[in-house]
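Some notes on the structure that comes next.
Only the coordinates and a few stated rules stand behind these numbers; no lab work does. None of the values given here were measured: they were computed from a predicted structure. All Cβ positions, even for glycine, are placed from backbone atoms using ideal geometry, and neighbour counts span all protein chains on display.
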Amino acid sequence: MRKLTILVADDESIIRLGVKQILEEAGHIVYTAENGALAIKQAESCTPDLVILDIKMPEMDGLEAARLLLSNNQVPVIFLTAYGEQDLIERAARLPVMGYLVKPIKEAELLAMIEVAAVRHEEHARTARTAAELGSELASRRIIDRAKGLLMQREGISELDAYQRLQQRSRQERRTLLEAAEESIRELLERQE
């Protein structure tokens with residue numbers, strides 16, 4: 001497992017320090033906070049790879065802290081709590097958190113949960129990047145296809161000829177094919193007016 005920067009927020013100092021010791025012995029860098037509000041401030045300065053939150057804490061509970069952290073950063077969150085009531089579990093499940101552990105914790109379970117959460121988070125991030133790239137590629141294709149269509153209509157040429165003209169323009173002007181297509185669309189639309 002790679003070394004992570006982990007933020008632990010728990011109002012019980014013995015739990016907080018115990019979790020910190022377990023994580024540091026496993027090779028992680030650990031920051032701590034005693035409540036959700038301090039966890040939010042700490043997250044701004046330490047930029048954690050993973051956050052472990054107790055649910056019931058003073059000033060700001062873990063659920064609210066998780067909601068704020070997740071709205072500002074895409075960071076995996078694990079709840080570590082003494083409460084296993086169904087209501088809390090359901091409220092936690094409505095958030096995109098990676099895990100829910102009930103105290104007392106076992107070192108092996110905590111370390112396993114962290115490893116799984118970190119891997120799942122990376123998979124989600126990779127999937128989101130891929131989706132964004134595909135969306136961008138699709139948008140580019142639509143613009144290029146529109147430029148080809150306008151060229152075909154205006155010049156009475158085939159799709160292949162229109163595409164080759166865009167490629168030629170791209171090379172001559174040292175632009176991307178997308179930029180050449182966008183400029184062609186602007187010019188062709190201006191001529192129609």
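A compact table of results
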read-out: Percent of Cα-Cα distances greater than 21 Å, calculated over the range 1-88; value: 22
read-out: Counted charge near Arg126, where neighbours are those whose Cβ lies closer than 14 Å (Asp, Glu -1; Lys, Arg +1); value: -1
read-out: Whichever lysines have a C-alpha closer than 19 Å to that of Lys106, once near sequence neighbours (fewer than 8 apart) are set aside; value: Lys20
read-out: Nearby aspartates and glutamates by direct alpha-carbon distance to Lys103 (threshold 14 angstrom, same-chain neighbours under 8 apart not counted); value: Asp10, Asp11, Glu12, Asp54, Glu85
read-out: J(HN,Hα) series, the range 145-153, from Karplus relation 6.51 cos²θ - 1.76 cosθ + 1.60, nearest Hz, glycine and proline x; value: 5, 5, 4, 4, x, 5, 5, 4, 5
read-out: Inter-label distance for Gln86 and Glu133, nm, one decimal - labels placed 7 Å from Cα along Cα-to-Cβ; value: 4.4
read-out: Between helix 177-192 and the chain: long-axis angle, C-alpha atoms, 0 to 90°, nearest 10; value: 50
read-out: Rg over Rh [alpha-carbon atoms, Kirkwood Rh] for the chain; value: 1.30
read-out: For the chain, built as a Gaussian network whose Cα springs stay under 10 Å, the top-fluctuating residue of Leu166, Leu95, Leu110; value: Leu166
read-out: Between 0 and 90°, nearest 10: helix 13-25 axis offset from the chain longest Cα axis; value: 60
read-out: Estimated FRET transfer efficiency (Gln164, His124; beta-carbon r; R0 41 Å; 0.05); value: 0.50
read-out: Helix-only [θ]222 nm of the chain, DSSP H runs n ≥ 4, -39500 (n - 2.57) each, per residue, nearest 500; value: -21500 deg cm²/dmol
